[in-house]
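Before any comments, here is the structure.
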Amino acid sequence: MPLILSGRELDDIHQLAFEQRHMTFLSYWVRKEAALKCLGDGFLTDPQHVILGADDTIIDIKSQSSAKPTSIWSGQYCGGETIRFQWATAVSQTTTEPIWQHHADLNSFMKFL
């Protein structure tokens, strides 16, 4: 975790109950990955330099790129009692919300994964 998360994010995770830490780390990971892809640098930018809030807010990004993510949307898909995957998308232009194109029946789609 220390290679990915900033000191502030690590502190946030350590304040959680042990059983919540893994899913919270994954949430940070997918949101950081989306922000880094939006920058166009990928992991050429240190992920610790993308500092996120616990929700979908971007607190700070230290990068040479001129295009900075302005918004992140994220969520989880739960199959029954279990979280099957987490997702995130980042945009560098202001938008009210993303335009989703998705499978009409996500449950039947998930059977193929």
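Residues are listed down the side, and each one gets a yes or a no for (1) modelled with pLDDT under 75; (2) surrounded by 12 or more Cβ atoms within 10 Å (Cβ to Cβ); (3) under 17 Å from residue 91 (Cβ atoms):
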position: 4; (1), (2), (3): no, yes, no
position: 15; (1), (2), (3): no, no, no
position: 33; (1), (2), (3): no, yes, yes
position: 42; (1), (2), (3): no, no, yes
position: 50; (1), (2), (3): no, yes, yes
position: 72; (1), (2), (3): no, yes, yes
Is there any pair with a first residue in the stretch 76-99 that is loosely packed, with under 10 Cβ neighbours inside 10 Å and a second that is modelled with pLDDT of 70 or more and aromatic (Phe, Trp, Tyr) whose Cβ atoms are under 9 Å apart and which are 6 or more apart or on different chains, and what are they?
97/73
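The values are calculated or read from the model by the stated rules, or taken from the named source; none is laboratory data. Just so it is clear, the model here is predicted, and its values are computed rather than measured. Note: ideal-geometry Cβ built from the backbone for every residue, glycine included; neighbour counts use all protein chains shown.
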